[in-house]
1. Quick one: which of E321, E314 is acidic (D, E) and within 16 Å of ligand 2 (Cβ to nearest atom)?
2. Restricting attention to region 363-379, does a residue exist that is part of a strand (DSSP E or B) and over 22 Å from the mean Cα position of the chain (by Cα)?
3. When both residues are 6+ apart or on different chains and their Cβ atoms are under 7 Å apart, which pairs have a first residue that lies in region 132-145 and is closer than 19 Å to G173 by Cβ, and a second that is away from ligand 2 (no atom under 16 Å from the Cβ) and not aliphatic (A, V, I, L, M)?
4. Under 6 Å between Cβ atoms, which residue pairs at least 6 apart in sequence (or on different chains) link something in region 307-321 that is among the β-branched types (V, I, T) with a partner that is within 15 Å of ligand 3 (Cβ to nearest atom)?
5. Return the residue satisfying two criteria in turn: it lies in region 385-400 and is closer than 24 Å to I443 by Cα and of a type in the set (A, V, I, L, M, F, W, C), and of such residues it is surrounded by the fewest Cβ atoms within 10 Å (Cβ to Cβ).
6. Answer with yes or no whether A502 is under 20 Å from the mean Cα position of the chain (by Cα), among the aliphatic types (A, V, I, L, M) and more than 16 Å from ligand 2 (Cβ to nearest atom).
7. Any residue at all in region 254-269 that is touching a helix residue (DSSP H, G or I) at 6+ places or on another chain (Cβ under 7 Å), open to solvent by less than 20 Å² (accessible area, probe 1.4 Å) and at negative phi?
8. Does D375 fit the bill of being in contact with a strand residue (DSSP E or B) (Cβ under 9 Å, 6 or more places away or on another chain), among the charged types (D, E, K, R) and over 25 Å from F250 (Cβ atoms)?
Amino acid sequence: MEHTASPAKQPGNSINRRSFVVGGVLGLGAGAVGVGILAGGKNSPIRQNPLIGENAAATSSASASDDTFTYPSLLSGTTSDDVVTYALDMETGTHEVLTGVTSTTMGYNGSYLGPTMKWTNGDTVQMQVTNNLGAVTTTHWHGAHVPAYYDGGPQETIADGDTWEPEFTVNQGGASTLWYHPHALGTTAEQVTHGLAGMIIVEDDTTTSSDLPSDYGVDDIPVILQCLCTDTSGDIKYSLSGYLESDLEFPVLCNGTNVDSTTLTFTATKTRTRLRFLNASPADIITVSRTDGGDMTQIATEQGYITAAESVTEIRLIAGERAEVVLDLSSAVTLQAVITTGWVKGGSGTYEFLTITPDASDTPVTLPSSLRTIDRYDTTDFTARTITLSQVGLAMEINGVSATSVSDMYMITTTLDSEEIWTIVNDTQLEHSFHLHDVPFQIISVNGEAPTGAYLGWKDMVEVVGGATVKIAMKFTDYTSDTYMYMFHCHILMHEDEGMMAGLLVE
Ligand code: C2O
Ligand code: CU
Ligand code: CU
């Protein structure tokens with residue numbers, strides 16, 4: 001049965017309290033969590049940008065300059081009673097988004113972006129998310145398979161000054177690259193484009209091949225790419241009215257550093273380097289390739305390893321999408337990002353953002369021929385639904401409903417373990433970046449064509465170009481709630497804020 005959410009299904013004012021109680025572990029004071037400079041909580045004297053990780057080899061030279069590649073620091077968790085706790089402080093600050101100009105920004109544990117968390121599959125983790133933004137917010141664990149009331153969607157709001165403490169078991173299908181960002185209704189674009197985004201690396205002993213690089217910052221490197229929009233004074237734009245101004249800039253950032261006219265440099269001390277790409281742009285599509293046209297070896301999509309490593313010459317990432325590659329470096333490699341506008345206005349052009357120069361003498365072992373087994377769904381008996389993406393004026397809709405509040409959004413109700421095939425029909429001429437919370441899905445077809453390559457892997461994002469029809473299949477395992485919805489929506493942040501957001505109740 002499909003219907004819009006009835007008022008009776010909506011939570012009362014007890015969301016935070018309920019989550020808190022269910023979470024169970026209380027009483028860890030702010031002073032007890034976080035480690036050293038990585039934590040920088042509200043009362044910490046150290047409030048620096050989390051982007052403090054630097055390439056050791058590069059910085060050891062006397063000439064380390066602004067061009068040195070930096071990456072988010074790793075956030076250490078605190079383990080107590082078998083629960084690993086991570087402290088995230090959402091705060092405001094300033095950052096150089098546009099070269100030479102200071103922008104007002106937001107970040108987790110710093111002024112822009114956030115630290116990387118490493119979770120281990122099977123561990124119990126608790127997040128302590130403190131909102132110091134001066135505005136309501138949420139924090140969502142994008143790609144994580146968690147109970148709906150810990151998912152951080154629009155129902156799990158964090159009032160200004162409050163701390164939200166979701167606790168759950170890491171329950172991914174395997175090792176993967178996830179991310180976290182705010183998800184409050186109507187303010188997601190504003191908050192994410194100002195810098196609230198961070199990476200989550202999920203490790204899994206049963207799927208991590210010891211032959212794959214995993215030394216963070218050494219041979220396992222986060223690469224968060226963004227194309228933003230600002231005016232010439234650096235004021236970040238995030239809604240249609242802002243984008244209608246003249247004299248806009250579309251700065252491109254790599255891990256928060258502007259690469260409009262700079263190529264960052266990284267010295268690789270291992271011959272084989274793993275890169276985890278995340279397109280954290282509000283809308284634009286980013287295609288990564290080598291300037292020499294050479295191959296990259298793709299090993300993962302956003303929900304973990306693909307069945308076997310695949311040689312590719314480019315990786316196309318829609319807003320919200322991730323991919324992992326490994327590079328075997330015999331000589332320096334420069335990576336470029338081609339920006340394609342994903343919205344009414346956006347960036348364009350080619351940006352050489354990173355040169356990786358090897359300074360290594362090791363010989364890596366042969367990559368495993370098989371990374372993982374993926375059983376493709378036989379969808380014959382799956383429950384079919386149609387999800388239509390449409391537009392009326394400026395309102396963006398899912399199945400005819402433009403979400404303006406949690407209680408009026410389109411909602412699907414399903415049951416535990418139901419197996420479904422969704423036909424996503426894009427009734428607009430616009431690009432949409434479809435995303436489903438809760439469980440990973442498989443792409444069954446794109447405009448009637450079966451997928452190939454990495455599109456055969458587990459996904460939580462899929463590109464639906466104007467007029468396209470895409471079929472995806474999924475199984476709703478493990479978690480139920482009669483109150484808290486998962487979301488499915490367009491990840492073009494302005495579209496979700498303009499109503500292309502819907503709920504999913506797994507009862
Ligand atoms: Cu990246 Cu619904 O979120
Ligand atoms: Cu998500
Ligand atoms: Cu869209």
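1. Numbers: E314 fails: within 16 Å of ligand 2 (Cβ to nearest atom).
Going through E321, E314 in turn, just one is acidic (D, E) and within 16 Å of ligand 2 (Cβ to nearest atom): E321.
2. Within region 363-379, the first condition is being part of a strand (DSSP E or B), and the residues that meet it are none.
No, that holds for no residue.
3. H145/D478
4. So the pair list comes out as I318/I285; I318/S433; I318/E463.
5. I387
6. Values: under 20 Å from the mean Cα position of the chain (by Cα): yes; among the aliphatic types (A, V, I, L, M): yes; more than 16 Å from ligand 2 (Cβ to nearest atom): no.
No, not satisfied.
7. If we filter region 254-269 for residues that are touching a helix residue (DSSP H, G or I) at 6+ places or on another chain (Cβ under 7 Å), which is where we start, we get 265-267, 269.
Keeping just the survivors that are open to solvent by less than 20 Å² (accessible area, probe 1.4 Å) gives 266.
Then drop every residue that is not at negative phi, which leaves 266.
There is at least one residue in region 254-269 that is touching a helix residue (DSSP H, G or I) at 6+ places or on another chain (Cβ under 7 Å), open to solvent by less than 20 Å² (accessible area, probe 1.4 Å) and at negative phi.
8. Values: in contact with a strand residue (DSSP E or B) (Cβ under 9 Å, 6 or more places away or on another chain): no; among the charged types (D, E, K, R): yes; over 25 Å from F250 (Cβ atoms): yes.
Here the answer is no, as D375 does not meet what is asked.
The values are calculated or read from the model by the stated rules, or taken from the named source; none is laboratory data. Note that the coordinates shown come from a computational prediction; the quantities given were computed from them, not determined experimentally. In this analysis, Cβ positions are derived from the backbone assuming ideal geometry, glycine residues included, and neighbour counts consider all displayed protein chains. Accessible surface is based on the protein model in full, side chains and every heavy atom, while ligands, DNA and RNA are left aside. Shrake-Rupley method; radii C 1.70, N 1.55, O 1.52, S 1.80 Å.
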